[in-house]
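The structure appears right after this line, and notes come after that.
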Amino acid sequence: YTGRGELSERQMQMAQFLRQLTRLAEEFGVAVFVSNQVVANPDSMSFAKDSTKPIGGNIMAHASTTRLRLRKGRGENRICTVFDSPTLPEADCQFAIGPQGVCDATE
């Protein structure tokens, strides 16, 4: 898909796919993890804390129960921020990714 002329069709197909994922999750009792990219938001102030926005618009937002933002920290550390959740408060958590997989953050 290219351009805004195909936006409506793309959003409808994305919504249909996300509904199918939701049905599978409910039927089989499994968690579904969907990742998407972010882009720079040129409309935001240059000094704003976070000038990125997720791709996918409201379709992705409404299909998700809990949204997390993952970003790189210092060294091997990563930061996970609860961005939007009906049951969890907004909070940050640090962890590291090493040879043994996901582990506690290093100092």
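The values are calculated or read from the model by the stated rules, or taken from the named source; none is laboratory data. None of these values were measured; they are calculated from a predicted model. Remember, those area values only see protein heavy atoms, side chains included, never the ligands or the DNA or RNA. Shrake-Rupley method; radii C 1.70, N 1.55, O 1.52, S 1.80 Å.
Relative to the longest principal axis of the Cα atoms of the chain, the long axis of helix 7-28 lies at roughly 60 degrees. In this structure the chain gives 82 Å² per residue of accessible area when probed at 1.4 Å with all protein chains present.
Counting each DSSP H run of 4 or more residues in the chain as -39500 (n - 2.57), what helix-only mean residue ellipticity at 222 nm follows after dividing by all residues, to the nearest 500 deg cm²/dmol? Each step should come with its number before you reach the end.
Numbers: 2 runs with 29 residues, N = 107.
The helix-only estimate for the chain comes to -9000 deg cm²/dmol at 222 nm.
For the chain, the Kirkwood estimate of the hydrodynamic radius, built from every pair of different alpha carbons, is 16.4 Å.
Which percent of the accessible heavy-atom area of the range 12-84 goes to carbon and sulfur, probe 1.4 angstrom? Write down the numbers at each step before the final one.
Working: 3260 of 5830 Å².
Summing carbon and sulfur atoms, their accessible area is 56 percent of the total for the range 12-84.
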